[in-house]
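*Asks:* Below is one structure. I have some questions about it.
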Amino acid sequence: KILILDFGSQVTQLIARRVREARVYCEVHPCDVSDDWVRQYAADGQLKGVILSGSHASTTEESTDRAPQAVFELGVPVLGICYGMQTMAQQLGGKVEGGHTREFGYAEVRARGHTALLNGIADFTTPDGHGMLKVWMSHGDKVTALPPGFKLMASTPSCPIAGMADEARHFYAVQFHPEVTHTLQGRAMLERFVLGICDARADWDMRGHVEEAVQAIRAQVGDEEVILGLSGGVDSSVAAALIHRAIGDQLTCVFVDHGLLRQNEGDMVMDMFVGQLHAKVIRVDAAEQFLGHLKGVSEPEQKRKIIGREFVEVFKAEAAKLTASGASKNGAKWLAQGTIYPDVIESGGAKSKKAVTIKSHHNVGGLPEQLGLKLLEPLRDLFKDEVRELGVALGLPHEMVYRHPFPGPGLGVRILGEVKKDYADLLRRADAIFIEELRATRDEATGKTWYELTSQAFAVFLPVKSVGVMGDGRTYDYVVALRAVQTSDFMTADWAELPYALLKKVSSRIINEVRGINRVTYDISSKPPATIEWE
Ligand code: XMP
């Protein structure tokens, strides 16, 4: 296994992810573990190497964090990244100085010294024959004197010591970040380090992770009970399936149906979790309550607030029943959430992980405190695609795990203006037809379905009426807009160039099958300036 010591960088989990991609088992621990802890950790001989992460702080000023000195005495390879390189230099007798200029972003680094880490990998070669690497750097301080035993491994014009190595002891360090994709050869470097230099076994996979995660959950909650808000989305579903695997009936899921879900969604969730996994799920049918509070409200932000507030109210009421002693053996003590690593970063929790301040998921912020519950977040270290892989390893259907994202407020933000039950019913049927056709139609060039080729697709209900003709009669009905986008991060998105034949079929089916809709349009706006959702 590989030990990653976290100095508080935003991207520490990316290092872990790259190590997992090389199929090597790793653990992230805070950098301030003791020397004894480190020796104990390595005592069984399983530890093959250590990686020291970056930090948002600087070695010379703000931070006094150091690696436990024992790390350098274990006889295993050590890789320092950014701050990790600086602290390695300082602890082993080199020198670090505060830079006057901060270097941030793209840089070209010259590999030197023919080291086991960088030798023979290059993005391009200079006219005079030097191998160059395209990397991503972010630092103010830099190493200005090599520690005894080290040689130069990499340099840039502004950072003459951008990498160093003591190959006798297998210590390597780089000032740039190999864990981010902007460092083109970064993945290759980390793979070389863990597989080549550390000689770690490449035998880790998601199935193995299920076992580890199950053990960790059991150790954490013991015989106490857990409640979880199940939304039907990927994250909460995978969290529920994982926790259920670990503790079975100690878990109760609360599924709030706000009446703004997609067609058959509620039944599908119940079939899956109750019918197949035999989990305890309480389905709360709160459609009337939600629609009641939304009556007469047409301003988008206000609608969102109402839906969010009611969601918390309903969930709290159910949770209160379950946490009251007498409801079960002792009442639930834990609230589980499907928080994934990008959520942790988004809510600013990543930096403070070292200080163990746990921020709660933005969707249900503050709930654990209000309910007096402890927080269980078993997906906290995983990236979205890893969560999906985990879902598959847990036996969840591919269709559920690879679903497009669906916003918390649901159809509430896809019915423009006031939300009415009739509108929601029409929209659900139109949306289901669109999704069905996207799943059924393959792109010849790639062999993939258009559902797979789009990142998110849905129908939007426009509460305006237009004139049409059907048979011999005039119609005067509502309009539906189709939206399909392609994006890698949902921050920017392009509208998808769906084939005309597909659009034609969807339009014709919606108009023929959904009485009340006589016109279909396709949204050709990109984000920015438009957003993905219409409200
Ligand atoms: P926009 O419309 O801002 O959407 O371009 C970006 C992504 O976020 C989703 N979205 C939400 N997800 N709660 C959520 O859980 C929300 O309130 C919410 N609003 C938007 C949207 O579906 C898209 O994937």
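*Asks:* Do we have any residue at all in the stretch 86-101 that's hydrophobic (A, V, I, L, M, F, W, C) and surrounded by fewer than 21 Cβ atoms within 10 Å (Cβ to Cβ)?
*Replies:* No, every residue in the stretch 86-101 fails to be hydrophobic (A, V, I, L, M, F, W, C) and surrounded by fewer than 21 Cβ atoms within 10 Å (Cβ to Cβ).
*Asks:* Can you name the strands (runs of 3 or more DSSP E) wholly within the stretch 148-210 that have at least 2 residues being aromatic (Phe, Trp, Tyr)?
*Replies:* Counting at least 2 such residues, we get 171-174.
*Asks:* Still on this structure, I have one more. Among the residues of the stretch 438-485, write down those that are within 14 Å of the ligand (Cβ to nearest atom) and either of a type in the set (Val, Ile, Thr) or farther than 17 Å from residue 508 by Cα (or both).
*Replies:* Scanning the stretch 438-485 gives 454, 455, 456, 457, 460, 484, 485.
*Asks:* Now for a different question. Filter the stretch 227-255 down to the residues that are over 23 Å from residue 206 (Cα atoms) and over 23 Å from the mean Cα position of the chain (by Cα), then identify the one that is surrounded by the fewest Cβ atoms within 10 Å (Cβ to Cβ).
*Replies:* 249
*Asks:* Within the stretch 486-507, can you find the residues that are within 11 Å of the ligand (Cβ to nearest atom) and either crowded, with 16+ Cβ neighbours inside 10 Å or at positive phi (or both)?
*Replies:* 487, 490, 493
*Asks:* Looking at the stretch 403-422, I want the residues that are touching a residue at least 12 places away in the same chain (Cβ under 8 Å) and have a partner that is near the ligand (Cβ under 7 Å from one of its atoms) and hydrophobic (A, V, I, L, M, F, W, C) with Cβ atoms under 8 Å, at least 6 apart or on another chain. Which pairs are those?
*Replies:* Pairs that qualify, where the first residue is touching a residue at least 12 places away in the same chain (Cβ under 8 Å) and the partner is near the ligand (Cβ under 7 Å from one of its atoms) and hydrophobic (A, V, I, L, M, F, W, C), are 405/490; 407/413.
*Asks:* Is at least one residue of the stretch 425-434 within 16 Å of the ligand (Cβ to nearest atom) and surrounded by fewer than 19 Cβ atoms within 10 Å (Cβ to Cβ)?
*Replies:* No, the conditions are met nowhere in the stretch 425-434.
*Asks:* Test residue 350 against the stated conditions and say whether it is assigned by TED's automatic domain parsing to the domain that holds residue 256, among the small types (Gly, Ala, Ser), modelled with pLDDT of 95 or more and closer than 25 Å to residue 213 by Cα.
*Replies:* It is false that residue 350 is assigned by TED's automatic domain parsing to the domain that holds residue 256, among the small types (Gly, Ala, Ser), modelled with pLDDT of 95 or more and closer than 25 Å to residue 213 by Cα.
*Asks:* Tell me which of these residue 114 doesn't satisfy, since it passes every other one: (1) more than 29 Å from the chain's Cα centre (by Cα); (2) touching a residue at least 40 places away in the same chain (Cβ under 8 Å).
*Replies:* Here residue 114 meets the rest and fails (2).
*Asks:* Further question on the same structure: Give the residue, chosen from 96, 28, that is in a strand (DSSP E or B) and within 30 Å of residue 130 (Cα to Cα).
*Replies:* 96
*Asks:* What's the number of the condition residue 417 fails, among (1) at pLDDT 95 or above; (2) surrounded by 19 or more Cβ atoms within 10 Å (Cβ to Cβ)?
*Replies:* Condition (2) is where residue 417 drops out.
*Asks:* Continuing with this model, one more query. Picking from 295, 333, 280, which residue would you name as being over 19 Å from residue 244 (Cα atoms), charged (D, E, K, R) and modelled with pLDDT of 85 or more?
*Replies:* Exactly one of 295, 333, 280 is over 19 Å from residue 244 (Cα atoms), charged (D, E, K, R) and modelled with pLDDT of 85 or more, namely 295.
*Asks:* Which of the residues that make up the stretch 132-172 are among the basic types (Lys, Arg) and touching a helix residue (DSSP H, G or I) at 6+ places or on another chain (Cβ under 9 Å)?
*Replies:* Once the filter is applied, which keeps residues that are among the basic types (Lys, Arg) and touching a helix residue (DSSP H, G or I) at 6+ places or on another chain (Cβ under 9 Å), the stretch 132-172 yields 142, 169.
*Asks:* Among the residues of the stretch 396-409, what is the count of those that are closer than 24 Å to residue 479 by Cα and surrounded by 22 or more Cβ atoms within 10 Å (Cβ to Cβ)?
*Replies:* Total meeting the criteria: 1.
*Asks:* Look through 447, 412 and report the one residue that is in contact with a Leu (Cβ under 6 Å, 6 or more places away or on another chain) and either at negative phi or of a type outside the set (A, V, I, L, M, F, W, C) (or both).
*Replies:* 412
*Asks:* Still on this structure, I have one more. Which residue pairs have Cβ atoms under 6 Å apart, sit 6 or more places apart or on different chains, and have a first residue in the stretch 290-310 that is within 11 Å of residue 409 (Cα to Cα) and a second that is within 12 Å of the ligand (Cβ to nearest atom) and not hydroxyl-bearing (Ser, Thr, Tyr)?
*Replies:* Within 6 Å, the pairs are 300/535; 303/412; 304/409; 307/409; 307/412.
*Asks:* Right, here's the next one. Please specify each residue of the stretch 377-388 satisfying the condition of being touching a helix residue (DSSP H, G or I) at 6+ places or on another chain (Cβ under 6 Å) and surrounded by fewer than 19 Cβ atoms within 10 Å (Cβ to Cβ).
*Replies:* Within the stretch 377-388, 383 is the sole residue that qualifies.
*Asks:* Please go through the stretch 1-45 and pick out each residue that is of a type in the set (Ser, Thr, Tyr) and closer than 20 Å to residue 382 by Cβ.
*Replies:* Those that are of a type in the set (Ser, Thr, Tyr) and closer than 20 Å to residue 382 by Cβ: 9, 12, 25.
*Asks:* From 510, 532, 524, which residue is within 16 Å of the ligand (Cβ to nearest atom) and in contact (Cβ under 8 Å) with a residue 60 or more places away in the chain?
*Replies:* Being within 16 Å of the ligand (Cβ to nearest atom) and in contact (Cβ under 8 Å) with a residue 60 or more places away in the chain holds for just one of 510, 532, 524, which is 532.
*Asks:* When you check residue 153 against the structure, is it without any contact (Cβ under 8 Å) to a residue 60 or more places away in the chain and either buried (at least 21 other Cβ atoms within 10 Å of the Cβ) or on the phi > 0 side of the Ramachandran plot (or both), yes or no?
*Replies:* Taking the combined requirement at face value, the residue satisfies it.
*Asks:* So in the stretch 289-305, with the set limited to residues that are away from the ligand (no atom under 16 Å from the Cβ) and touching a Gly at 6+ places or on another chain (Cβ under 8 Å), which one is farthest from residue 258 (Cα to Cα)?
*Replies:* Only one residue fits best here, namely 298.
*Asks:* Same structure again: Just need a number here: residues in the stretch 376-418 that are more than 12 Å from the ligand (Cβ to nearest atom) and under 30 Å from residue 297 (Cα atoms).
*Replies:* So the answer is 4.
*Asks:* Within the stretch 218-246, work out how many residues are under 25 Å from residue 312 (Cα atoms), in a helix (DSSP H, G or I) and touching a strand residue (DSSP E or B) at 6+ places or on another chain (Cβ under 8 Å).
*Replies:* 7
*Asks:* Condition first: under 28 Å from the mean Cα position of the chain (by Cα) and surrounded by 13 or more Cβ atoms within 10 Å (Cβ to Cβ). Can you find one or more residues in the stretch 463-477 that meet it?
*Replies:* Checking the stretch 463-477: not a single residue is under 28 Å from the mean Cα position of the chain (by Cα) and surrounded by 13 or more Cβ atoms within 10 Å (Cβ to Cβ).
The values are calculated or read from the model by the stated rules, or taken from the named source; none is laboratory data. Predicted model only: the values in this text are computed from it and were never measured. Backbone-built Cβ (ideal geometry, glycine too); neighbour counts: all protein chains shown.
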